[in-house]
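Worksheet for the structure shown next.
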Amino acid sequence: MPSAAGEPSIGGGLGDQVYNRLLGERIIFLGQPVDDDIANKITAQLLLLASDPDKDIYLYINSPGGSITAGMAIYDTMQYIKNDVVTIAMGLAASMGQFLLSAGTPASASRCRTPRS
């Protein structure tokens, strides 16, 4: 299983364990500016989790935005897979981060934010 996107380095491999556990719970975390590297990781994770089309995928976003073309790769994958992608803003979701937030499954409970976002 690939490690989660945007994972910080938390000495001793703990970061890998945390992000792999999140991915096992069908949670993807975007916690940095959107660039080609992170877009490739998130796209791969979405495709991996899409192998079970009956379960929702949760995309947590804390991003100041970034590359339009990289963000569109994530967006296109979100639209391509059959799963509902529930998007949640936490912290900052600006520019491409906001665009990806609004690209979540269009149900009122599927696009939300934390209280201070």
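The values are calculated or read from the model by the stated rules, or taken from the named source; none is laboratory data. This structure is a prediction, so every number in the text was calculated from the model and none was measured. Using ideal geometry, Cβ is built from the backbone for each residue, glycine included, and neighbour counts are taken over all protein chains shown.
Annotations for the structure displayed:
Every residue, every condition in (1) loosely packed, with under 14 Cβ neighbours inside 10 Å; (2) in contact (Cβ under 8 Å) with a residue 24 or more places away in the chain; (3) under 18 Å from Thr105 (Cβ atoms), yes or no:
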site: Arg26; (1), (2), (3): no, yes, yes
site: Leu47; (1), (2), (3): yes, yes, yes
site: Asn62; (1), (2), (3): no, yes, no
site: Gly71; (1), (2), (3): no, yes, yes
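- Contact map, the range 87-104: residues that are touching a residue at least 40 places away in the same chain (Cβ under 8 Å) paired with residues that are outside any strand (DSSP E or B) and β-branched (Val, Ile, Thr), Cβ distance under 7 Å, separation 6+ or inter-chain. Pairs shown: Met96/Ile68; Leu100/Ile74.
- Screening the candidates Leu48, Leu92 for the property of being in contact with a Pro (Cβ under 7 Å, 6 or more places away or on another chain) and under 25 Å from Gly24 (Cβ atoms) yields one hit, Leu48.
- The combined condition, being surrounded by fewer than 20 Cβ atoms within 10 Å (Cβ to Cβ), more than 16 Å from Leu100 (Cα to Cα) and at pLDDT 95 or above, is not fulfilled by Glu7.
- On the stretch given as the range 96-116, residues that are surrounded by fewer than 17 Cβ atoms within 10 Å (Cβ to Cβ), in a loop (DSSP other than H, G, I, E, B) and either at pLDDT 95 or above or in contact with a helix residue (DSSP H, G or I) (Cβ under 9 Å, 6 or more places away or on another chain) (or both) total 1.
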